[in-house]
Structure formats: C-alpha cells, structure tokens
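The values are calculated or read from the model by the stated rules, or taken from the named source; none is laboratory data. Bear in mind that the values here come from a model prediction, so they are computed numbers and not experimental data. With ideal geometry, Cβ positions are generated from the backbone for all residues, glycine too; neighbour counts draw on all protein chains shown. For the accessible areas, the whole protein counts, side chains as well, though only heavy atoms, and no ligand, DNA or RNA atoms are used. Shrake-Rupley method; radii C 1.70, N 1.55, O 1.52, S 1.80 Å.
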Amino acid sequence: MDKNFLLLNLRNIPDFPKPGIQFKDVSTLFKNAECLRQIADETTERYRNKGITKVVGIESRGFVLGSILADRLNAGFVMCRKPGKLPAETRQYAFAKEYGTDTIEIHTDALNADDVVLIQDDLLATGGSAMAAIELVRSFGINKIFCNFIIELRCEGLKGREFIGNRADIDSLLTIEE
Ligand code: AMP
C-alpha cells in the first residue's frame, strides 16, 4: 500500500457539512480502482488470521470496504444503519458526533455471542459512531472486537482512539494530523 498515493487521491472538502469541518471525501478513493484495490488488499492482510466471523459496516461508507472484507475473510456482513432503515427487530444506540448527534441500529438476530467481529467505517474522528457500534456488538455478549478505519483524524479535540480505549482493537490505514 502506498500511503502517499492514497493521500494524494483523497479529496478534502473544507467547511462541509458545516463551517470548520474538513471533510475527508473517501468517494475519490473508492472510485479509483488502484486505490480501492490497495485499501482492500492491505486491510485484508491485517485481519487474515484474526478469526473474524462477521464484519459490521457502519452506514453508509463502512458498507463499501466492509463488504469486500467480509467476502475476502470468508465472514458474514452485517449492516449498522440509521434508524428506520432495517425491517426486522432492532436494538439502537444514540451518540454524539463531530457535527451533531446520531443513532444507529442493528438487527437483534445479526450476531451471536461466539462471533469475532470486525467493525469497519471510513473514518475515525471523535470515536462516537464507532463506540455506538461497539456497544451494540457488546450487547450480544461479544468481547473480541476489532475496529478498522481507512482514515484516523487526529487533532487537539479529536482523540477517538483514546475515547474507545481498550473496548476494541483499533487500526487505521492513514493517520491525518490536523
Ligand atoms: P466520529 O463518530 O466523530 O468518530 O465520526 C466518524 C463518522 O462521521 C464516520 O462515519 C465518518 O464518515 C463521519 N465523519 C466525521 N468527521 C468526518 C470528516 N471530517 N470527514 C469525513 N467524514 C467524517
């Protein structure tokens, strides 16, 4: 994986969705076949021998790499979605974001206590979304949880890794200090 190549292809959108936010737009990585292949190859290698049985993708950008990983790791794929999108019985978790608040939910029959789970999302900022997904996964009695991000944003006010602490084994491909 060529980190500089990926960073050169990542689009930054200032002041989106509100003033002061530097939005890291991974759609420019996803649309580039070489970027997508490098991201998928590198992430697959990092989790190949972890015994992952389910990949949980956080809506919606976590669905892209998450489903590729599930296929390559011979694991199932589970969607963590915004409220009202999943049709069967769900459990929910509300959390604070870098901009605003949000709630995510997961089907109550999506996971089992013996699953080894990899949570995937495009970006770690405050860690609020990941923490919500971790809490949902933990509510199934699962303790072995990995979390993967394409980008880890770090600055004075953003310390997602510390926020999550030892609740999950965290890894990211690209760290951006701002
Ligand atoms: P957080 O819950 O604060 O860790 O925020 C992570 C979630 O919000 C991810 O699902 C990201 O897609 C999105 N997000 C937060 N901040 C940014 C940012 N600066 N650029 C792109 N996406 C972001």
key: Residue among Phe23, Phe16, Phe5 that is within 16 Å of the ligand (Cβ to nearest atom), under 18 Å from Leu173 (Cα atoms), of a type in the set (A, V, I, L, M, F, W, C) and out of contact with any Ser or Thr (no Cβ under 6 Å at 6 or more places or on another chain)   = Phe23
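If you go through the range 1-15 one residue at a time, how many are open to solvent by less than 50 Å² (accessible area, probe 1.4 Å) and either charged (D, E, K, R) or assigned to a loop (DSSP other than H, G, I, E, B) (or both)?
Result for the range 1-15: 1.
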inquiry  = Pairs needed: first member in the range 72-85, more than 14 Å from His107 (Cα to Cα) and touching a residue at least 24 places away in the same chain (Cβ under 8 Å); second member anywhere, of a type in the set (Lys, Arg) and surrounded by 13 or more Cβ atoms within 10 Å (Cβ to Cβ); C-beta distance under 6 Å; at least 6 residues apart or different chains.
reply    = Ala75/Lys54
ask   = Looking at this structure, is Ile58 surrounded by 15 or more Cβ atoms within 10 Å (Cβ to Cβ) and farther than 19 Å from Leu153 by Cβ?
value = no
query = Among the numbered criteria (1) more than 8 Å from the ligand (Cβ to nearest atom); (2) crowded, with 22+ Cβ neighbours inside 10 Å; (3) small (Gly, Ala, Ser), which single criterion is violated by Ala125?
reply = (1)
task = Could you tell me which numbered condition Glu42 fails, if it satisfies all but one of (1) more than 18 Å from Asp122 (Cβ to Cβ); (2) open to solvent by 30 Å² or more (accessible area, probe 1.4 Å)?
result = (1)
query = Among the listed residues Ile104, Ile134, Ile119, Ile176, which satisfies the condition of being under 18 Å from Val55 (Cα atoms) and either free of Cβ contacts under 8 Å to residues at least 24 places away in the same chain or touching a Leu at 6+ places or on another chain (Cβ under 8 Å) (or both)?
reply = Ile104
ask   = Among the listed residues Lys18, Lys24, which satisfies the condition of being touching a residue at least 40 places away in the same chain (Cβ under 8 Å) and in a strand (DSSP E or B)?
value = Lys24
task = Among the residues of the range 6-24, count how many are more than 23 Å from Thr101 (Cβ to Cβ) and of a type in the set (S, T, N, Q).
result = 2
note = The correct count of residues that are within 15 Å of Lys82 (Cα to Cα) and either more than 7 Å from the ligand (Cβ to nearest atom) or in a strand (DSSP E or B) (or both) in the range 92-122 is 15
remark   = Residue hits (the range 144-154; more than 10 Å from the ligand (Cβ to nearest atom) and either basic (Lys, Arg) or under 13 Å from Glu178 (Cβ atoms) (or both)) are Lys144, Arg154
note = Filtering the range 129-148 for residues that are open to solvent by 10 Å² or more (accessible area, probe 1.4 Å) and closer than 15 Å to Tyr93 by Cβ leaves a count of 6
note = Note: among Ile39, Ile52, just one is in a loop (DSSP other than H, G, I, E, B) and touching a residue at least 24 places away in the same chain (Cβ under 8 Å), namely Ile52
